[in-house]
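Student: I'd like to ask some things about the structure below.
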Amino acid sequence: MTPPDASTALPFRDRTSPLTRVTSAAFALGRFLRQKKLGGFGLVIVLGFSVLALFAGALGRYDSTFVFDTENPNFKADPTVAELAEDPDIGSPRVVAQFQAPSGDHWFGTDRFGRDIYARVIHGAKLAMIIGFGASLIAVAAGLIIGVISAYYLGWIDLILQRVMDAIYAFPFLILILLLVQISEPSTRNVVFALGFGGIPFAARLIRSAVLAERGSEYVQAARVIGASDFRIMLQHVLPNIGAVLIITFSIGIGAYILAEATVSFLGAGPRNEISWGRMVSSGRGALDIHPWESVFAGGAITLLVMAFNLLGDALRDVLDPRLRGV
Amino acid sequence: MQQYIVRRAILNIFVLWIVATLVFFAVHVLPGNFASQQFASANLGSVSPEAIARAEAVLGLDRPVFEQYGTFLWDLVRFDLGESFRSKRSVWNELGRAVPYSIELGVLIVLVGFTIAIPVGIISAVKQDQLPDYVLRGGAIFALAAPVFWTASIAVILVLQWDLFKIDVDGQPHLWENPKSALQWYLIPMFAGGIAGTATTMRLLRSQMLEVLRADYVVTARAKGLPERTIVMRHVLRNAWLPVLTVMGLTVATIIGSQIVLEQMFNVPGVGRLLFQAITLRDTPLLEGLVLVVAFVVVFTNLFVDLLYGLFDPRVRLA
């Protein structure tokens with residue numbers, strides 16, 4: 001056996017060209033879409049909603065706060081006092097176009113204040129996206145720190161951290177979020193932080209078990225033998241190897257955060273001054289018998305986006321780490 | 001076994017102490033309290049700081065935080081949850097009124113959830129990758145994503161549009177007082193909540209069944225010519241539903257969450273609605289009491305489920 005040529009074997013540097021990387025990423029994506037049709041479907045919807053959120057101004061057709069008016073069918077030039085008492089709008093030639101059914105002008109109809117529901121649903125995508133990605137990012141970042149420390153040191157640090165996680169877990173998620181949002185100012189930022197905080201135990205648990213699995217492996221022992229510091233081992237050796245779990249944890253939670261924000265907003269405790277689908281469902285409930293459209297479309301948007309994120313998260317999990325099935 | 005129960009129970013109490021501490025400091029350290037909230041909602045315009053301070057003194061909110069924490073813990077040890085700021089009734093009294101409603105609705109939700117999930121899970125697994133499986137799995141994916149307040153609203157729309165049935169509810173009846181009226185009242189929330197809670201159970205039951213269907217003893221059962229029905233019911237289901245039991249424990253937390261929404265929507269004076277009121281009004285003693293009771297139910301349900309697990313499956317040893 002001839003010894004390998006030292007000049008080609010060393011140093012271990014990644015020599016793949018950027019072009020190769022792009023094409024191999026494209027192939028990986030193609031394989032993902034072929035193998036995981038539902039996941040691909042989810043991906044398409046998520047991308048679609050991202051485009052809607054980014055270009056809401058152009059794609060929403062109308063301004064989301066513009067109040068439309070319409071001709072008053074009951075208009076009378078000089079109403080009597082008795083007629084005015086019965087219908088205060090009778091003297092004005094144009095009235096607010098409230099509760100219009102879906103039409104060519106207003107695809108989803110108009111709401112109680114004469115605003116275009118389609119425009120508001122499209123603008124609502126912004127908040128949902130910010131909430132989903134922001135909260136999940138916070139949960140994964142904090143869960144990473146807690147999970148790695150907990151699994152790496154074990155012992156009493158692990159015991160205490162895990163019991164604190166259990167305590168947060170013992171709050172039903174919704175109660176925790178309501179509590180946190182209500183005692184702070186209900187702004188978008190605070191809602192994102194509250195949701196992210198509520199998601200920490202879930203993220204920390206997944207990441208902890210991933211680190212536990214890596215902890216005993218040979219390469220960690222080898223690093224310890226050559227005298228690497230704990231910090232270096234965690235950062236350079238463990239972290240790159242739990243990348244898949246991090247991606248899974250990040251993507252699989254997004255749907256739940258969007259759903260929770262919608263629920264909190266439905267209950268009237270969500271971010272103020274933002275168009276929220278949850279609040280739209282709630283405001284549409286005021287006139288369900290004559291005008292169900294606002295509730296129907298806003299709730300449909302929530303369901304569709306949450307479903308897309310769930311499908312995408314499940315598919316990513318199956319592809320990246322099938323062992324995590326059932327989390 | 002006994003040792004295990006005792007150890008878990010002690011750990012649970014430790015967890016409850018952390019919950020109590022978290023809630024206490026969350027509501028006491030951050031700005032705003034019941035007094036300022038009351039003045040703000042009364043719309044009195046500008047209120048002098050003295051008036052707020054006087055109101056705080058009456059409620060005992062002016063004392064140092066750690067002193068209040070000490071009293072709070074001492075009262076807790078004696079199972080004294082204090083009295084609600086708003087109603088001036090004791091928290092136990094408030095709970096006594098609210099809990100029956102929540103248990104009624106909760107049990108109905110669980111019943112609906114499982115009567116849907118179990119057959120759906122079985123059919124989906126037995127007809128794997130055939131049309132019924134696709135339809136049912138699609139339904140589960142949808143149920144997992146649809147917010148419970150939306151499905152409930154849609155149900156209300158359908159009932160209103162098609163005049164399906166008259167919701168003729170007199171007061172807030174209990175099931176045992178006026179079953180007909182109470183059922184009409186609970187019908188939509190129990191189905192909305194049940195459907196929302198069912199998806200996870202159904203998916204898990206399906207995947208467990210699929211695993212068991214491939215086991216050697218199922219092959220043997222088929223080989224000796226048992227009817228498919230017996231195989232599924234007696235050999236597969238029995239071995240597949242244990243992990244489902246664990247999920248039931250987790251479902252309790254989800255159901256309590258959806259009950260907040262449903263009780264709020266349908267005017268059920270249960271724990272969920274009380275909790276929501278306590279949060280919005282910052283009725284501190286009521287809030288702390290309710291959160292603790294809910295957390296108690298959650299952690300001890302989990303313990304109970306783990307014990308059941310050991311009881312049904314002799315392979316699981318709890319030590």
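Taken together, the values in this text are just the output of simple stated rules run on the coordinates, not laboratory data. The shown structure was predicted, so the numbers you read here are calculated from the model rather than taken from an experiment. Cβ atoms come from the backbone with ideal geometry, glycine included; neighbour counts cover every protein chain shown.
Student: In whole angstrom, how far apart do the alpha carbon centroids of region A:223-256 and region A:120-170 sit?
Tutor: 15 Å
Student: Whose amide H sits under 5 Å from the amide H of B:Glu83, counting only residues 5 or more places off or on another chain, with H placed in the peptide plane?
Tutor: Amide H neighbours of B:Glu83, under 5 Å, 5+ apart: B:Val91.
Student: Report the FRET efficiency, 1/(1 + (r/R0)^6), for B:Arg63 and B:Lys180, where r is their Cβ-Cβ distance and R0 is 45 Å, rounded to 0.05.
Tutor: Efficiency at R0 = 45 Å is approximately 0.30.
Student: Test of understanding: ordering A:Val281, B:Val19 by Cβ neighbours within 10 Å, fewest first, what list do you get?
Tutor: B:Val19, A:Val281
Student: Then there's this: Can you sort A:Leu19, A:Leu47, A:Leu312 from fewest to most other Cβ atoms within 10 Å of each residue's own Cβ?
Tutor: Going from least to most buried by this count: A:Leu19, A:Leu47, A:Leu312.
Student: Evaluate the Debye formula for region A:199-245 with equal point scatterers sitting on the alpha carbons, no solvent, and hand back log10 of I(q)/I(0) at q = 0.27, 0.33 Å⁻¹, in q order, two decimals.
Tutor: Log10 I(q)/I(0), no solvent term: -0.98, -1.22.
Student: Normalised by the empirical 2.2 N^0.38 Å for globular proteins, what value does the Cα Rg of region B:3-116 take?
Tutor: For region B:3-116, the normalised Cα radius of gyration comes out at 1.43.
Student: Kirkwood Rh, region B:171-239, all Cα pairs: how many Å?
Tutor: Answer for region B:171-239: a Kirkwood hydrodynamic radius of 15.1 Å.
Student: How many percent of the alpha carbon pairs in region A:89-237 exceed a separation of 25 Å?
Tutor: 54 percent
Student: Hydropathy at least 1.6 by Kyte-Doolittle, axial extent at least 20 angstrom from the Cα trace: which helices of chain A, defined as entire DSSP H runs, fit?
Tutor: A:37-54, A:117-153, A:243-266
Student: What full-extension length gain, to one decimal in nm, is calculated for B:Thr280 and B:Leu303 as 0.36 nm per residue of separation minus the Cα-Cα distance?
Tutor: Going from the current span to full extension adds 5.1 nm.
Student: Eigenvalues of the Cα gyration tensor times 5, then square-rooted: what semi-axes does that give for chain A, in whole angstrom, largest first?
Tutor: In descending order the semi-axes read 52, 25, 14 Å.
Student: Could you pull the Cα extents of region B:43-200 along its three principal axes, largest to smallest, in whole Å?
Tutor: Here the spans come out as 70, 37, 36 Å, largest first.
Student: According to the Kirkwood expression over distinct Cα-Cα pairs, how big is the hydrodynamic radius of chain B, in Å?
Tutor: By the Kirkwood definition, the hydrodynamic radius is 22.8 Å.
Student: In peptide B:138-144, how many Cβ atoms from other protein chains are near each Cβ within 10 Å, on average?
Tutor: 3
Student: Let me ask something additional. Can you tell me which lysines have their Cα less than 29 Å from the Cα of B:Lys180? Leave out same-chain residues fewer than eight positions away.
Tutor: Straight-line reach from B:Lys180, under 29 Å: B:Lys166.
Student: Any chance you could check the Cα centroid distance between region A:284-301 and region B:149-216 for me, in angstrom?
Tutor: 20 Å
Student: Another question, then. Could you work out the relative contact order of chain B, using alpha carbon pairs under 8 angstrom and six or more residues apart, expressed as a whole percent?
Tutor: Relative contact order, chain B: 27 percent.
Student: I've got another one for you. Which of A:His291, A:His237 has the fewest other C-beta atoms within 10 Å, and how do the rest follow up to the most?
Tutor: The fewest-first ordering by Cβ neighbours comes to A:His237, A:His291.
Student: Residue by residue through A:177-186, how many Cβ atoms from other chains fall within 10 Å of the Cβ on average?
Tutor: Mean shielding count: 5.
Student: Still on this structure, I have one more. Using the eigenvalues of the Cα gyration tensor, what equivalent ellipsoid semi-axes result for the protein assembly as shown when each is taken as the square root of five times the eigenvalue, whole Å, largest first?
Tutor: 43, 34, 30
Student: Hey, another quick one. Once you mark the trypsin sites (Lys or Arg not before Pro) that are in a DSSP loop and have at most 12 other Cβ atoms within 10 Å, what is the longest gap between them in chain B?
Tutor: B:225-314
Student: With +1 on the Cβ of every Lys and Arg and -1 on the Cβ of every Asp and Glu, and nothing else charged, how large is the dipole of region B:180-263 about its Cα centre, in debye rounded to the nearest 20?
Tutor: Taking the Cα centre of region B:180-263 as origin, the dipole is about 360 debye.
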